[in-house]
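The values are calculated or read from the model by the stated rules, or taken from the named source; none is laboratory data. Being a predicted model, the structure only gives us computed values, none of them experimental. Positions of Cβ are generated from backbone atoms using ideal geometry, with glycine treated the same way; all protein chains shown enter the neighbour counts.
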Amino acid sequence: MKAIQVREFGGPEVMRVEEVPDPKAGRGEVVVRIHAAGVNPVDAYIRTGTYARKPPLPYTPGLDGGGVVESVGEGVTRLRAGDRVYVNQSTTGTYAQKAVCPESGVHPLPGKVSYAQGAALGVPYATAFRALFQRAHAQPGETVFIHGASGGVGIAAVQLARAFGMRVIGTAGSERGRELVLKEGAHEALDHKSANYLDKVKELTGGRGPDVILEMLANVNLANDLNLLALRGRVVVIGNRGTIEINPRDTMARDAAILGMTLFNVNEQDMAAIHAGLVAGLEAGTLRPVVGQELPLSEAPRAHQAVMESGAYGKIVLAP
């Protein structure tokens, strides 16, 4: 089969399509024929070799995918060959025509949801769900402010928060992105390139500020977030690319909380709860992953460049 192989850490160019042996499922595992693989910023971080998780070389990138179960290993009871599924965890990597996955990392994909949309679910939607409900403990009627709401995690958060009864304010860096944010359920979509967009957030909340802020670039925005929050507000740090100086007094004045998160820390019980919620949302139609670009597997280097650029619009997926 064809798969992306990384034989040395470095830039996007280290990813190359190679012929590798078909994988086989072990106990508690399944083989999924991948029709679409999701591209996430964390994939790019891992590829550089500077991330906290450093796989042994060579390896195939990718955690997310949409496809069909091809075979199941001993002890697998929840899945069978032929099932349409989405994947949020793989032991062999999803940038490939086939991937070995633990049974717990494979979930039913409703027939009305495409494989490309399935590939857009794992990391983005689990991250948004975890941030909103398991870290911030968001409540119906509260206001959430989502930085970078036109990307994969942002759109997931907009849909989840709106379905839960929250007031949703999002930002995007382009008119096209803002239109998407509104279309997917936000009450307001602001231009985060505008000098006064944070003043607008304050105005839209009657001077109170948002109860929850989902922060995709904490090294740029966190200090301002703390001045923006409502009393007893919570900032969830989802993304960060450097250091920042903050004034802790800003947290004291609001009884505010700064909450970090990464999916790598989620325990099995919480992850099962996340995906039970996501599958229910897919079946009900309240969750509708947006695919912005679909590229062939050979374009993985270009996909890694694009996923790190500003102006995000939905999810980037690869078609093996």
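Taking (1) under 27 Å from GLU179 (Cβ atoms); (2) touching a residue at least 60 places away in the same chain (Cβ under 8 Å) in turn, LEU295 satisfies each apart from (2). The C-beta contact set for segment 248-262 (first residue closer than 13 Å to ALA223 by Cβ and not assigned by TED's automatic domain parsing to the domain that holds ALA138, second residue assigned to a strand (DSSP E or B) and β-branched (Val, Ile, Thr), distance under 8 angstrom, 6+ apart or interchain) is empty.
If only residues of segment 32-83 that are among the basic types (Lys, Arg) and out of contact with any Phe, Trp or Tyr (no Cβ under 7 Å at 6 or more places or on another chain) are counted, the one that is nearest to VAL317 (Cα to Cα) is ARG33. The listed residues are ALA136, ALA128, ALA116, and the only one of them that is of a type in the set (Gly, Ala, Ser), within 17 Å of the chain's Cα centre (by Cα), at pLDDT 95 or above and in the same structural domain as ASP43 (by TED's automatic domain parsing) turns out to be ALA116. When the residues of segment 263-272 are filtered to those that are assigned to a helix (DSSP H, G or I) and in contact (Cβ under 8 Å) with a residue 12 or more places away in the chain, which remaining residue is nearest to ARG53 (Cα to Cα)? Going through the qualifying residues, I end up with PHE264. A single entry from GLY111, GLY122, GLY118 fulfils the requirement of being free of Cβ contacts under 8 Å to residues at least 60 places away in the same chain and out of contact with any Cys (no Cβ under 9 Å at 6 or more places or on another chain): GLY111.
Can you tell me how many residues in segment 279-296 are more than 16 Å from ASN40 (Cβ to Cβ) and surrounded by 13 or more Cβ atoms within 10 Å (Cβ to Cβ)? Quick ask: steps written out before the conclusion?
Restricting attention to segment 279-296, the residues satisfying the condition of being more than 16 Å from ASN40 (Cβ to Cβ) are 279-288, 296.
Okay, now just the ones that are also surrounded by 13 or more Cβ atoms within 10 Å (Cβ to Cβ), so 279, 281-283, 286-288.
Of the residues in that region, 7 qualify.
The residue of segment 148-165 that is farthest from ALA319 (Cα to Cα), among those that are surrounded by fewer than 23 Cβ atoms within 10 Å (Cβ to Cβ) and out of contact with any Lys or Arg (no Cβ under 7 Å at 6 or more places or on another chain), is GLY165. Residue check: ILE244 meets all listed conditions (1) loosely packed, with under 14 Cβ neighbours inside 10 Å; (2) assigned to a helix (DSSP H, G or I) but one, namely (2). Applying the set (1) in contact (Cβ under 8 Å) with a residue 40 or more places away in the chain; (2) closer than 18 Å to LEU160 by Cα to ASN221 leaves exactly one unmet item: (2). Of the residues examined, GLY67 is one that is touching a residue at least 24 places away in the same chain (Cβ under 8 Å), surrounded by 22 or more Cβ atoms within 10 Å (Cβ to Cβ) and assigned to a strand (DSSP E or B).
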